[in-house]
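> Here it is, the structure in full.
The values are calculated or read from the model by the stated rules, or taken from the named source; none is laboratory data. Please read all numbers here as calculations on a predicted model, not as lab measurements. Backbone-built Cβ (ideal geometry, glycine too); neighbour counts: all protein chains shown. In case anyone asks, the SASA skips ligands and DNA or RNA and just uses the protein heavy atoms, side chains included. Shrake-Rupley method; radii C 1.70, N 1.55, O 1.52, S 1.80 Å.
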Amino acid sequence: MAALSFFAAKNKVCKPNKWASALLIGLLGTGLALSTPTMGRAQSSSETVPSFVQDGTLTVCTNPTLPPMTFIQGSDASKPEGMDIDVVRALAQRWHASLSLITMDFTGLFPSLAAQRCGLVISGIIQLADREKNFDAVAYQETALTVVARANTPPIKSMAELSGKTIAVQAGTSYAARIERENVSLAAAGKAPILVQQYPTEDQVVQQVLIGRVFAFVSQDVELYYRQKQLHGKVRIILKPDYQDYRHFAAYLRKNKQDRALLSQTIAELEQDGTLAKLRQKWSLSSQAEQALTADESSGGFNWQSFFSALFSAAFLKGAALTLGVALLSHFIAILISIPMAVALNSHKNSALKWVLKAYVSIFRGAPTLLQLLFIWNALPQFFPIFREQWFTPFLATLVALSINESAYQVEINRAALSAVDGGQELAADALGMKRKQVYRYVIFPQALRIALPPTINEFISLLKTTSLASVISLQELLAITQVQVARTFEFTEYYAAALVYYLAMVFFFLFLQKRVERRFSWADRKKATANAA
Amino acid sequence: MQPNPLPHGSPQPAQHPPMIAVHNMSKLYGEFVALDRLNFDVQRGEKIVVLGPSGSGKSTLIRTFNRIEPHDSGSIIIDGKIINEKTSLTELRCMVGMVFQNYNLFPHLSVLDNCTLAPQLVRNVARKDAQEMAHNFLKQVGIPEQAHKYPIQLSGGQQQRVAIARALCMQPEVMLFDEPTAALDPEAITGVVSIMDTLAEQGITTLCVTHEMAFSRRIADKIVFMDQGRILEITPPEQFFTAPQTERAQNFLNQMIRY
Ligand SMILES: Nc1ncnc2c1ncn2[C@@H]1O[C@H](COP(=O)(O)OP(=O)(O)OP(=O)(O)O)[C@@H](O)[C@H]1O
Ligand SMILES: [Mg+2]
């Protein structure tokens, strides 16, 4: 939008231009600041430091939605806390390294580890033989699997009693596979299988039980102890199946015998000197923390105070600014790319370039935006190691993915707009001696702009909402912020409502802008032109 | 511009060199011969009306003069300058103005801006001077009061007057008209034709494709009659309308009279 109005600037068509670009630059700054992981100064390295500590920095990937292991407590979404975070902090200290934390979706953790985006993954992840085929694991915390249902549900004696019932688990965890194994034995016994629903975050898993959509969820005991407070006794543990292979949380690293040995040694040291014991106390992980989950009557209703404090919180404001910034900037770039592309595609000559452009448009319109984001973030570093370096932030990756994706759509809009301009216009401008550039700038673009603007603003509004996909590559935009906050408080309705207010406010603002800008094109409508002149 | 050697086989130089000299000029669209080895001169200040059936190449011919359609062989010399791929298009188009059947005004610009855009961009005329000149020409074409309207607010006849004023603002030495009245109703035609009469009296070299017989008779110094990409006759209008030399022209005139 800003790009197209640039061409019309000489003709005084679009005034919102100046402050829009100022806003844009401001937002870009915020976005970069928000998405850059904290970097400390490297200290002296020694030979007892594992190789995944690079340049004096231990980089760790985590999905901060699993309290008390790793979660966001305050309003700063880039600062996860919890047992896991304290453990890696202690490790970094032992190794005289500074700590850099990268937060992302759970499903992104292992791909990021493989892509060398981080040296360690710690995120309340169970130590599993399956995972150890591809990665090394070192345990640091005991745990047990639990099956949790609503508070008034009677306890059950075995997993078999869940036959025919639906349970919720977090996507990317190993619980689903474990239940598949239960289902094999259930099938052998001629019973109905346990049905599984998978959700991207732990809080959504819990929410399914709270709203009664599923019978129970599967989680770890430590997590539940912590969540007691939040859940106000709304749930209880109905079963603790004793699975041999579900007893430890582990930190994961890329396969490397020496690194693995160094890590276990350091963790053993932390265990011996009481560091880990202290941390367990701090995060209520010790066994005496287990209490009966008392059955309270849940207090329903909308908590207006939470809603307003979320609405005016710095975290939401930052998230919204980042959403808006990413959307504006990537659309701006998309428009810049797409204008020459549209001009080339509209030319009468049949060139090889045209085929390349057509392929570009087809590919990037054809592939799901989510896939493109994941590809750029997780697959690209495997081909080009340069993309796993610190400068390639989630913000930048989102910008690249969305700009390319959006340009493929914008090309079609521009192309339609350009070909809607009567051919006689170019002819007349040529006959008046204007140069090619002048013909486009003063005659064709201003007319194409009028045709392109309404669909462009529609595209932008849709893009504004598409940015929410970038939470999968750990961009802390509005929806990601909302989810982290929900994980902390379980106040779904209030936080979703606050996010909705932000999205609607932004969308309505741009719809309003669209109306205002359209009024400037009165030359295309006889009645309006006359009314304006009067 | 390079010095201009006279093409071989051209008639001996006259005292006043012609404004436009066309020699063996051809134009192809792929295999199709749109203009076939044309030869004729237009003297300074002369008024030429080009006639011919539809598809005979009239538009193509006049478009070769401002190189909107480049010719493929032979030569065109305008005001002593050879027109080819080395010609500065800016210079050429400052010298040769054009008016289209469909006006082709810029709808997003006011009448005044339509007239001042190209002089400012191409001739580097200062904005104020361009506006003053535009007002003069708008007065001359009889619509000084419409300067601040948008094209869409004008009638067809008024739009064509603006188009003429816009072309004149470039101060051309040659004016090309391609059926300027074909899209107008009879009353508007009268207005536009009277403007063209005035222009003709001012002595600007004019090539005009038109079906306005009365105008051609009154104004034209010569009629160029074309068919299938060839010039069949170049004659004064009196002779052309009363006693055409070719049968093809006779048939054409008969049809013109019938419809
Ligand atoms: N761009 C083009 N490509 C191919 N052929 C063309 C092109 N432009 C014109 N022609 C052909 O050249 C011939 C001459 O066309 P031109 O437009 O000059 O005719 P005209 O005499 O102006 O006709 P009319 O009176 O209908 O305007 C026609 O047969 C036309 O089909
Ligand atoms: Mg024609």
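> If you go through region B:36-85 one residue at a time, how many are among the hydroxyl-bearing types (Ser, Thr, Tyr), over 12 Å from the mean Cα position of the chain (by Cα) and within 16 Å of ligand 2 (Cβ to nearest atom)?
Residues meeting the conditions: 2.
> Can I ask one more? If you go through region B:200-236, how many residues are at pLDDT below 95 and either of a type in the set (Phe, Trp, Tyr) or part of a helix (DSSP H, G or I) (or both)?
Going through region B:200-236 one residue at a time, the tally reaches 10.
> Just to be sure I understand the filter: pairs with C-beta atoms under 6 Å, separated by 6 or more residues or on different chains, first member in region B:196-211 and β-branched (Val, Ile, Thr), second member part of a helix (DSSP H, G or I) and within 13 Å of ligand 2 (Cβ to nearest atom). Which pairs pass?
Every condition considered, the pairs that remain are B:Val209/B:Lys58.
> Out of B:Thr210, B:Thr190, I need the residue that is away from ligand 1 (no atom under 16 Å from the Cβ) and more than 24 Å from A:Arg526 (Cβ to Cβ). Which one?
Result of the check over B:Thr210, B:Thr190: B:Thr190.
> Here is a further query. If you scan region B:29-77, which residues turn out to be closer than 16 Å to B:Thr87 by Cβ, more than 15 Å from ligand 1 (Cβ to nearest atom) and open to solvent by 50 Å² or more (accessible area, probe 1.4 Å)?
B:Ser73
> Please identify the pairs in which a residue from region B:54-71 that is away from chain A (no Cβ under 14 Å) has its Cβ atom under 9 Å from the Cβ atom of a residue that is near ligand 2 (Cβ under 9 Å from one of its atoms), counting only partners at least 6 apart or on another chain.
Once the first residue is away from chain A (no Cβ under 14 Å) and sits in region B:54-71, its partners that are near ligand 2 (Cβ under 9 Å from one of its atoms) give B:Lys58/B:Asp178; B:Lys58/B:Glu179; B:Lys58/B:Val209; B:Leu61/B:Val209.
> Looking only at residues in region A:373-421 that are aromatic (Phe, Trp, Tyr) and in a helix (DSSP H, G or I), which one is surrounded by the most Cβ atoms within 10 Å (Cβ to Cβ)?
A:Trp377
> Let me ask you something else. Quick one: A:Ala524 ticks every box in (1) away from chain B (no Cβ under 14 Å); (2) surrounded by 15 or more Cβ atoms within 10 Å (Cβ to Cβ) bar one, so which box is it?
Of the numbered conditions (1) away from chain B (no Cβ under 14 Å); (2) surrounded by 15 or more Cβ atoms within 10 Å (Cβ to Cβ), the odd one out for A:Ala524 is (1).
> Pick from B:Ile189, B:Ile152: which is away from ligand 2 (no atom under 16 Å from the Cβ), within 14 Å of another protein chain (Cβ to nearest Cβ), over 14 Å from B:Lys47 (Cβ atoms) and not hydroxyl-bearing (Ser, Thr, Tyr)?
Just a single option satisfies the conditions, and that option is B:Ile152.
> If B:Met175 satisfies every condition in (1) buried (at least 21 other Cβ atoms within 10 Å of the Cβ); (2) under 16 Å from B:Phe106 (Cβ atoms) but one, which is the exception?
(2)
> Additional query: Does B:Ile223 fit the bill of being over 25 Å from B:Gln255 (Cβ atoms) and more than 13 Å from ligand 1 (Cβ to nearest atom)?
no
> Next question, about the same structure. Just to be sure before I move on: is B:His135 within 16 Å of ligand 2 (Cβ to nearest atom) and away from every other protein chain (no Cβ under 12 Å) in the structure I sent?
Answer is no for this residue.
> Another question, then. Out of the residues in region B:78-100 that are within 9 Å of chain A (Cβ to nearest Cβ) and either acidic (Asp, Glu) or within 12 Å of ligand 1 (Cβ to nearest atom) (or both), state the one that is surrounded by the most Cβ atoms within 10 Å (Cβ to Cβ).
Among those that are within 9 Å of chain A (Cβ to nearest Cβ) and either acidic (Asp, Glu) or within 12 Å of ligand 1 (Cβ to nearest atom) (or both), it is B:Phe100.
> Filter region A:427-453 down to the residues that are in contact with a helix residue (DSSP H, G or I) (Cβ under 6 Å, 6 or more places away or on another chain), more than 7 Å from chain B (Cβ to nearest Cβ), closer than 25 Å to B:Glu173 by Cβ and surrounded by fewer than 22 Cβ atoms within 10 Å (Cβ to Cβ) and list them by number.
Result: A:Val439, single match.
> To continue, here is another question. Of the conditions (1) within 11 Å of another protein chain (Cβ to nearest Cβ); (2) within 18 Å of the chain's Cα centre (by Cα); (3) more than 16 Å from ligand 1 (Cβ to nearest atom); (4) surrounded by fewer than 22 Cβ atoms within 10 Å (Cβ to Cβ), B:Gln120 satisfies every one except a single condition; which number is it?
B:Gln120 satisfies all of (1) within 11 Å of another protein chain (Cβ to nearest Cβ); (2) within 18 Å of the chain's Cα centre (by Cα); (3) more than 16 Å from ligand 1 (Cβ to nearest atom); (4) surrounded by fewer than 22 Cβ atoms within 10 Å (Cβ to Cβ) except (2).
> Same structure again: In region A:357-372, what residues are of a type in the set (A, V, I, L, M) and surrounded by fewer than 11 Cβ atoms within 10 Å (Cβ to Cβ)?
A:Ala359 - this is the single residue of region A:357-372 that is of a type in the set (A, V, I, L, M) and surrounded by fewer than 11 Cβ atoms within 10 Å (Cβ to Cβ).
> Something else now. Does at least one position in region B:217-224 carry a residue that is within 16 Å of ligand 2 (Cβ to nearest atom), within 14 Å of chain A (Cβ to nearest Cβ) and within 18 Å of the chain's Cα centre (by Cα)?
No, region B:217-224 contains no residue that is within 16 Å of ligand 2 (Cβ to nearest atom), within 14 Å of chain A (Cβ to nearest Cβ) and within 18 Å of the chain's Cα centre (by Cα).
> Tell me, yes or no, whether region A:481-495 has at least one residue that is surrounded by fewer than 23 Cβ atoms within 10 Å (Cβ to Cβ), free of Cβ contacts under 8 Å to residues at least 24 places away in the same chain, more than 14 Å from chain B (Cβ to nearest Cβ) and assigned to a helix (DSSP H, G or I).
No.
> What do you reckon, is B:Pro244 in a loop (DSSP other than H, G, I, E, B), open to solvent by less than 40 Å² (accessible area, probe 1.4 Å), away from chain A (no Cβ under 14 Å) and more than 16 Å from ligand 1 (Cβ to nearest atom)?
Spelling it out, B:Pro244 is indeed in a loop (DSSP other than H, G, I, E, B), open to solvent by less than 40 Å² (accessible area, probe 1.4 Å), away from chain A (no Cβ under 14 Å) and more than 16 Å from ligand 1 (Cβ to nearest atom).
> Has region B:51-67 got any residue that is assigned to a helix (DSSP H, G or I) and of a type in the set (Gly, Ala, Ser)?
yes
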